[in-house]
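Below is one structure; the comments refer to it alone.
Since every read-out is calculated from the coordinates, none of them should be taken as a lab result. Bear in mind the structure is a predicted one, so any value in this text is a computation, not a measurement. Cβ coordinates were reconstructed from backbone atoms using ideal geometry, including for glycine residues, and neighbour counts include every protein chain displayed.
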Amino acid sequence: MMTDTVPDFTILGAGLAGPLMALYLAQEGYRVDVYEKRPDPRTNGVAQGKSINLALSKRALFALEEVGLVDEVMQQAIPMRGRMLHSQTGKLSFQTYGINDQEVLNSISRSLLNITLLKAAEKVNGIRFFFDQQVEKINLQEKSCQLADSNSKQQELVQFQTLVGADGAFSVLRYHMQKLDRFNYEQYFIDHGYKELVIPAQANGEFALDKNALHIWPRGDFMLIALPNLDSSFTCTLFAPFQGKNSFSSLTQAQEVEDYFKTLFPDVLPLAPTLISDFFNNPTGSLVSIKCYPWSYQDQAILIGDACHATVPFYGQGINAGFEDCTLLTQFIKKHSDDLELAFQEYQLSRKVDTDTLAEISFSNYIEMRDSVRSPLFLARRLIENLFHKLFPQRFYPLHSIVSFTRTPYSQAVQHVRNQYSIIGLALSIALLVGFVKVLKTLH
């Protein structure tokens, strides 16, 4: 595996951000090697039960367009116009995502997108992939990685010029960077986990539910969601506490699971014939939020995606933020092609505040999805937001629209909405004051 010439960039991780980053770098004329610890998913398939479907929006689509893949990927995606809420009695209510028909989220299988990126990247001259390669040790000073082949167990030493960590929330590169002086690291596991289930296509091959919606069964402290797939099935994910009432720990027997769904999700059970077996065969995953800094080491190493800012998946922005990392990092590399250390510094300085903001709004959106969407206050807020947007379309946007349908930095999006609510609050206060004055005048 030791190459005759050391590539310009060595990427750890061939999941989603890794192949995209390789495509970006190859477009700029760089040679790239990509190492992945898992087998090649194109020939070995993917592990079932841990693949929460993805919701592509503006940021990811922009990146895919830049590398020439947006049309191919969109052929594998299903547009979701909004949330379809399922009450415990079976009542349905629909909440649109956007303010027009073009503002939709696009459901796509993680494995399909991964395979599409791999196939595209492997066709590009200058990109090479190496699978089943476990990183055992990284020496940043000597610019070397010690790898072990998962099949033969043979160890090899690979030299690198610049190492890119796209190897996920439990990044090996970040682990070695944590040993450097003044490296800050924080991780937090929430008290809820997830389990993947499936609603298959009906006997006639049709979808069992509306295919152009993200289906949510909000139940207060927990929820079930379902995203559509091209084969007319739905990938379902149960998010629930690990311990306590209605938790995973309370569901240890088949009858308990059946009773749980009969009581809490009665409309799901008839649509999911393998639900009980799926529940016990698929793992219960944990959800972690990770923050760290710095993301780079000199001009020798840089982190992207979940490796530096993993977040819970409830805003649907994990993939979008990871792909946007690739877009922005490439822009800084182009800007400072003769000084990668400066490029990396500018990238992390500009990006850190936005990914920290994303982590905050992602968890807040979990509370909204599992509980708030049912409240009259939430519905009233949505009505006010939409009303003000219709009155002032260039100025007022709901946060979800700015985050999902623009490339406005996350921190600026949140600040913009805070300013909006200040103005709305002032306008309502003035309206109430005027009304109060009129009432007083009528009394005199």
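Per residue of the chain, the DSSP helices (runs of n ≥ 4 H) give a summed -39500 (n - 2.57) that works out to -12500 deg cm²/dmol at 222 nm.
The label-point distance for Thr406 and Asp338, in a model that sets each label 7 Å from Cα toward Cβ, rounds to 3.7 nm.
FRET efficiency for the Glu206 to Lys91 pair, using the beta carbon distance and R₀ = 22 Å, is estimated at 0.50. Projecting the Cα positions of Thr263, Asn229, Tyr188 onto the charge dipole of the chain (unit charges on Cβ atoms of Lys, Arg, Asp and Glu, taken about the Cα centre) puts Thr263 furthest along the positive direction.
Here Lys262 is the anchor, and the lysines within straight C-alpha reach of less than 21 Å, apart from those fewer than 8 places off in the same chain, are Lys91, Lys195, Lys245. Among [x] 23.7; [y] 31.8; [z] 26.0, which one is mean projected area of the Cα convex hull in nm² computed from these coordinates? Computing mean projected area of the Cα convex hull in nm² and matching it to [x] 23.7; [y] 31.8; [z] 26.0 gives [z].
Relative to the current alpha-carbon distance between Arg128 and Asn151, full extension at 0.36 nm per residue lengthens the span by 6.4 nm.
To the nearest ten degrees, helix 376-391 and the longest principal axis of the Cα atoms of the chain are 80 degrees apart. Ranked by the mean number of other Cβ atoms within 10 Å of their residues, highest first, the peptides 246-254, 32-40 come out as 32-40, 246-254.
Search the structure for amide H atoms under 5 Å from the amide H of Lys143, placed 1.01 Å from N in the peptide plane, and list their residues when 5 or more places away or on another chain. So Lys143 has HN proximity to no qualifying residue. Straightening the chain between Ala254 and Asp299 buys 10.8 nm, computed as 0.36 nm per residue apart minus the Cα-Cα spacing. Using the Cβ-Cβ distance between Ile367 and Gln178 with R0 set to 35 Å, the FRET efficiency from 1/(1 + (r/R0)^6) comes to roughly 0.70.
Packing around the peptides 310-316, 344-350, taken as the average count of other Cβ atoms within 10 Å per residue, puts them in this order, highest first: 310-316, 344-350. Protection proxy ranking of 184-191, 167-174, 128-135, by the mean of other Cβ atoms within 10 Å over each peptide's residues and highest first, is 167-174, 128-135, 184-191. Amide H contacts for Leu287 (H built 1.01 Å from N in the peptide plane; partners 5 or more residues away or on another chain; cut-off under 5 Å): Ile190.
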